[in-house]
Each structure stands twice: as C-alpha cells, then as structure tokens.
Amino acid sequence: MATFFNDIQAAFDNRLNTLTGGYDIAWSNIAYEPDAGTTYLRPSFLPTDTVQVGLGSSGLDDTRGVYQIDVVYPAGNGRGVSTKSMWFTRRVMEELLSPTQWQTTSKEVLL
C-alpha cells in the first residue's frame with residue numbers, strides 16, 4: 001500500500017485519538033479485550049483505487065477511501081446507552097469532517 005494511504009489513515013487516527021470523549025479505541029491489528037459493559041470505538045480505513053485526474057505524467061491523483069468508525073455498545077442495555085452516546089458520535093463525525101486542511105508527511109489531506 002502506498003505511503004499516502006498510510007498518511008491519510010494516520011491523519012484520521014490522530015484526529016480521532018484527540019476526540020475520544022473517554023471511550024477506548026480498538027485499533028486495527030492491536031490486541032484489545034473490552035471490559036464487560038464498555039462502549040468503545042473501532043475505526044477502520046478502506047482505501048479505494050487511485051485515479052489520475054490530470055493529463056500527462058505529472059497529472060494529479062485522486063485518492064479516496066472510507067474511514068469508518070464503529071461505536072460498539074454493550075449488549076442488553078436497550079437503546080438508552082446508544083442514544084446517550086449518539087451525541088458524542090455526532091460530534092466526532094462533525095469534527096472529523098469539518099472543512100479543514102491537515103498536513104501529512106507526504107501529501108496534503110483535504111476534508
């Protein structure tokens with residue numbers, strides 16, 4: 001996988017890490033065993049194909065993907081826990097998708 005995919009995922013991961021609101025994060029490829037009754041976040045990044053959108057050998061590339069955050073709630077508690085946490089989830093998504101520019105090590109990521 002190319003470096004820019006790693007940079008894009010790292011930018012989202014770093015941003016999510018500052019917005020957790022006290023929830024644990026189950027990162028990919030890192031062992032995590034949640035405590036019973038714990039709500040936690042599980043991010044994943046699904047890159048798609050890069051497409052050249054400019055002409056010539058120096059044309060710009062369009063790199064896209066899906067950054068997904070699963071909010072995992074304890075089973076058997078009804079909708080109350082998920083409804084309470086819904087506002088936090090909304091805040092995280094608004095912060096992640098706010099019109100901001102982030103600098104990464106090799107490319108600029110525009111949101």
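Read-outs: derived from the displayed coordinates by stated rules, not from any lab. Model, not experiment: these values are computed from the prediction. Quick reminder, even Gly has a Cβ in these numbers, built from the backbone with ideal geometry, and neighbours come from all protein chains shown.
State the number of residues belonging to the range 4-33 that are part of a loop (DSSP other than H, G, I, E, B) and surrounded by 15 or more Cβ atoms within 10 Å (Cβ to Cβ). Reasoning before the result, please.
Step one: filter the range 4-33 for residues part of a loop (DSSP other than H, G, I, E, B), giving 19-23, 26-33.
Checking which are surrounded by 15 or more Cβ atoms within 10 Å (Cβ to Cβ) leaves us with 19, 23, 26-27.
Matching residues across the range 4-33 total 4.
Can you pull out the residues in the range 45-70 that are within 20 Å of LEU96 (Cα to Cα) and out of contact with any helix residue (DSSP H, G or I) (no Cβ under 9 Å at 6 or more places or on another chain)? Working first, answer last.
Narrowing the range 45-70 to residues within 20 Å of LEU96 (Cα to Cα): 45-48, 62-70.
Selection gives LEU46, THR48, ASP62, ARG64, VAL66, GLN68, ASP70.
Given ASP7, ASP13, which one is closer than 15 Å to TYR67 by Cβ and within 9 Å of the chain's Cα centre (by Cα)?
On the way: ASP7 fails: within 9 Å of the chain's Cα centre (by Cα).
Answer to the check: ASP13.
Pairs under 9 Å by beta carbon, first residue closer than 17 Å to ASP13 by Cβ in the range 47-67, partner of a type in the set (Ser, Thr, Tyr) and part of a loop (DSSP other than H, G, I, E, B), six or more apart or different chains?
Within 9 Å, the pairs are PRO47/THR63; THR63/THR48; THR63/THR50; GLY65/THR48; VAL66/THR48.
State which residue is surrounded by the fewest Cβ atoms within 10 Å (Cβ to Cβ) when the search covers only the range 42-73 and only residues that are small (Gly, Ala, Ser) and part of a strand (DSSP E or B).
Residues of the range 42-73 that are small (Gly, Ala, Ser), as a first pass: 44, 54, 56-59, 65.
With the extra rule that they be part of a strand (DSSP E or B), the set shrinks to 44, 65.
Numbers: SER44: 13, GLY65: 15.
Top of the filtered list is SER44.
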